[in-house]
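Asks: Sharing a structure below in structure tokens format, with a few things to ask.
Each reported figure results from applying straightforward, stated rules to the coordinates on display, with no laboratory input. Nothing here was measured: the structure is a model prediction, and the numbers come from that model. Here the Cβ positions follow ideal geometry from the backbone for every residue, glycine too, while neighbour counts run over all protein chains shown.
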């Protein structure tokens, strides 16, 4: 009965919602009081979606914001990316796709309130979590702590930000209603136990003070996992929870840190999840997200979909994660995120599911979605010029040093560096580059002899260098780590000595290839050739640049198909549209139609691997984001078990795993609680659970091939907490196990592996 009264009361409150369209027409007030959000004195739940201005061409901002309105939302949230705006110390850029103030103004015009998330740390799967790379060159600098040099720089950034958007706060008649103080700081506190909690809190309080001193006077908030509020919350700011699906727990924790009252908000409600190269694309259930949305609406919980529209990591803006299995997990160019609004701004089934739920609970009119941007397809673009990248690089002035220098020491933020050294005597043995950051192609006298890859912890290979030969190591920065304690160790290139047979190699020349602008392949240059010429055939597997021109009578959005290519980046009319890599799962790159011209257009493709010569490339109307390809044995080690970190507790992670298994038609045969078993015999063990599951039909097919594989069946997934309090999910690498039984080519194994991988990825989706 009480719950029914609460639901009726909440529905009455919803009837008081002001029409979304009126936000653009009237000066409004916003405040937090009595456990609620108030707009113009009326209780107004925040129904928000995250959308980042630089991940969308500015010409499309209004279209995407109207898409949000059409989903029923009344607010847009955005991070602010410090490194996007302060490209060099004291050099600021707020133009074009970086014009944050214009983005906020358009949001207000379209009837949306705005939540600003300025960091200075943002994560966001963005390069270095939003920090400028050059901070690492400042003597005495320690990021994200109570460090004078760091706080001096954060103040300059926050003050400059206020100059741009301070007048757009609701207190001054603008659409900005709340500002976040720091970001997911509780997780950093948990990761950096080497820093005293008192220092963490001093730092957090100083960032909050810098925001206030700059002039930000709208309500402040923090966001963290609900179990991280102790380290992440700060007095005077509303605590909000990321990825919290349990309403009862959300309210309990917020009450504990907010004087026993709300409002209650999930600042990051995940309808999709982030994506890494060489890993499966996440698939988050439409119906599950719709049900969770309704749960929030029924229980007076405000929310912000992270992401409602992901967009694209154009250029070198994508960041990276890491775990114990991978020293780095570079993020895709696409930031589609399996979000309700697709990367190209399309309505999805998830969009419709959410829209149908929201419309039941709001009183304002929810408009229809705007028409999608027109699509075009270009069947073939001829690539007429080819350039030898190694030769091009060596046209530049080298930097000489006894030891390899990092990107930062070379005063280069992004792109590539060619490390070169000459040998007067032959040398054969084991090449070791433990300081590789991140991906290297190795050449001896211009012939590619191997690749090393930080993604798979591969830092060594056998090498044979003949008499009077040159060793070239072309190193790619695949994006600085954006989350976790490793963010403080983010230099790129080769950061420690190179060794062969244990002996250090010296006398290096370094050639910078920042690729900060589209390379010009001028005819007549000694390294530029006509495609199809004998000189191009002689390039073999050297890295190359391809150039082509094409004419269009009409423009529109399209996707360039790179499935048959190797690894590299693409420029269209001077714009770097991002990285590609055959490993997938992304096989196409989005080209916004506003970056194409009626008439002549130019494309330049930097192809690192150049396994086979290309003469043309095409575009398609449908993106390919879910197609993984097997990577070479050189690139990946066999493992018996896959491990990944869960953002949830052991109990919550296991609950999610069990739910997903059953939803996919699997059978759960047993559950073992090793922690409880240990306590029953008087011993201590951190939480540790194992679930046993499978499908008898599938298992029988395998045992018909080899009865001994019954030892591996049924399947198991383990969830445990380590000594540092991290929660891990362990699952079998079925392909490796099957190979021990001579089943390498079993289609059943591949399907089972895909199913297990999906169970794990879905179970940990929902928080960072």
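Asks: Can you grab the distance from the C-alpha centre of segment 537-582 to the C-alpha centre of segment 220-269, Å, no decimals?
Replies: 45 Å
Asks: Oh, and also: Kirkwood hydrodynamic radius (Cα pairs, Å) of segment 236-300?
Replies: On the way: mean 1/r = 0.0750 Å⁻¹.
The answer is 13.3 Å.
Asks: What's the long-distance tail for segment 70-143, i.e. % of Cα pairs beyond 15 Å?
Replies: Details: 1671 of 2701 pairs.
The share of Cα pairs beyond 15 Å in segment 70-143 comes to 62 percent.
Asks: Another question, then. As I understand it, the value is the acute angle between the Cα axis of helix 696-705 and the longest principal axis of the Cα atoms of the chain; what does it come to in degrees, rounded to 10?
Replies: Roughly 20 degrees, rounded to the nearest 10.
Asks: Tell me the Rg and the Dmax, in Å, that the Cα atoms of segment 571-636 produce.
Replies: Expressed in Å, the Cα Rg and Dmax of segment 571-636 come to 13.8, 45.
Asks: Okay, next question. With axes computed from alpha carbons, what is the tilt in degrees of helix 349-359 against the longest principal axis of the chain, rounded to the nearest 10 within 0 to 90?
Replies: Around 20 degrees separate the two axes.
Asks: Using the per-residue mean of other Cβ atoms lying within 10 Å as a proxy for protection, in what order, highest first, do the peptides 456-468, 574-586 fall?
Replies: Details: 456-468: 14.8, 574-586: 22.1.
Those peptides, ordered most packed to least, come out 574-586, 456-468.
Asks: Over the chain, calculate the relative contact order: mean separation of alpha carbon pairs under 8 Å at least 6 apart, over the residue count, as a percent.
Replies: Values: 1750 pairs, mean separation 90.5, N = 768.
Relative contact order here is 12 percent.
Asks: Continuing with the same structure: What is the fewest-to-most order of 126, 595, 133 by other Cβ atoms lying within 10 Å of their Cβ? Please report the intermediate quantities before stating the final value.
Replies: Values: 126 27, 595 17, 133 22.
So the ranking, lowest neighbour count to highest, is 595, 133, 126.
Asks: Nearest 10 degrees, 0 to 90: what angle lies between the long axis of helix 2-14 and the longest principal axis of the chain (Cα atoms)?
Replies: Long axis of 2-14 versus the principal axis of the chain: about 80 degrees.
Asks: What shape does segment 321-420 have by the C-alpha gyration tensor, where a ≥ b ≥ c are the square roots of the eigenvalues, rounded means a/c under 1.5, and otherwise prolate means a/b greater than b/c and oblate the rest?
Replies: On the way: a/c = 3.83, a/b = 2.02, b/c = 1.90.
Prolate shape, in that a/c is at least 1.5 and a/b is the bigger ratio.
Asks: Further, regarding this structure: What whole-number value in cubic angstrom gives the convex hull volume per residue for the C-alpha atoms of segment 37-183?
Replies: On the way: hull volume 16.6 nm³, N = 147.
Value for segment 37-183: 113 Å³ per residue.
Asks: Principal axis extents for segment 259-332, Cα atoms only, whole Å, descending order, please.
Replies: 41, 32, 27
Asks: For segment 2-359, rounded, prolate or oblate, judged on the Cα gyration tensor with a ≥ b ≥ c (square roots of eigenvalues), a/c < 1.5 rounded, else prolate if a/b > b/c?
Replies: Working: a/c = 1.33, a/b = 1.25, b/c = 1.06.
It is rounded, given that a/c, with a ≥ b ≥ c, falls under 1.5.
Asks: Sort the following peptides by mean Cβ neighbour count (other Cβ atoms within 10 Å, averaged over residues), highest first: 291-301, 478-488.
Replies: 478-488, 291-301
Asks: Within a 10 angstrom radius of the beta carbon, how do 37, 269, 229 rank from fewest other beta carbons to most?
Replies: Details: 37 23, 269 26, 229 19.
Arranged by neighbour count, lowest to highest, 37, 269, 229 become 229, 37, 269.
Asks: Continuing with the same structure: Just to check, using Stokes-Einstein with a Kirkwood Rh over alpha carbon pairs, what's the diffusion coefficient of the chain at 37 °C and 0.692 mPa s in µm²/s? Spell out each step's value before the answer.
Replies: Details: Rh = 27.8 Å.
Translational D for this selection: 118 µm²/s.
Asks: I need the shape label for segment 133-193. Rule: rounded when a/c is under 1.5, else prolate if a/b > b/c, else oblate, with a, b, c from the alpha carbon gyration tensor. Walk me through the numbers before you get to the answer.
Replies: On the way: a/c = 3.61, a/b = 1.61, b/c = 2.25.
Judged from the Cα gyration tensor, segment 133-193 comes out oblate (a/c at least 1.5, b/c at or above a/b).
Asks: Continuing with the same structure: Arranged by the count of other C-beta atoms within 10 angstrom, fewest first, what order do 472, 651 take? Please report the intermediate quantities before stating the final value.
Replies: Working: 472 24, 651 13.
By the 10 Å Cβ count, ascending: 651, 472.
Asks: Please work out the C-alpha center-to-center distance from segment 138-214 to segment 308-340 and express it in whole Å.
Replies: 24 Å
Asks: Related question: If contacts are Cα pairs under 8 angstrom and at least 6 residues apart, what is the relative contact order of segment 2-359 in percent? Numbers along the way, then the final one.
Replies: Details: 709 pairs, mean separation 63.6, N = 358.
That works out to 18 percent.
Asks: Could you give the Stokes-Einstein D for segment 480-558 in µm² per second, using the C-alpha Kirkwood radius, 25 °C, 0.890 mPa s?
Replies: On the way: Rh = 18.1 Å.
Once the numbers are plugged in, D ends up at 135 µm²/s.
Asks: Taking 1 over the mean of 1/r across every pair of different Cα atoms in segment 641-764, what Kirkwood radius in Å do you get?
Replies: Details: mean 1/r = 0.0658 Å⁻¹.
Kirkwood radius, segment 641-764: 15.2 Å.
Asks: Using Cα-only point scatterers and the Debye equation, what is log10 of I(q)/I(0) for segment 195-266 at each q in 0.20 Å⁻¹, rounded to two decimals?
Replies: Result of the Debye calculation: -0.84.
Asks: Hey, can you rank 708-720, 181-193, 87-99 by average C-beta count inside 10 Å, highest first? Walk me through the intermediate numbers first.
Replies: Numbers: 708-720: 17.8, 181-193: 22.6, 87-99: 13.5.
In descending order of packing, they fall as 181-193, 708-720, 87-99.
Asks: Once you treat every alpha carbon in segment 396-513 as an equal point and sum by Debye, what is log10 I(q)/I(0) at q = 0.10, 0.11, 0.18, 0.22 Å⁻¹?
Replies: Log10 I(q)/I(0), no solvent term: -0.27, -0.33, -0.89, -1.33.
Asks: What 222 nm value per residue comes from the helices of the chain, counting each DSSP H run with n ≥ 4 as -39,500 (n - 2.57) and dividing by all residues, nearest 500 deg cm²/dmol? Mind dumping the intermediate values first?
Replies: Working: 18 runs with 186 residues, N = 768.
Taken over the chain, the calculation gives -7000 deg cm²/dmol.
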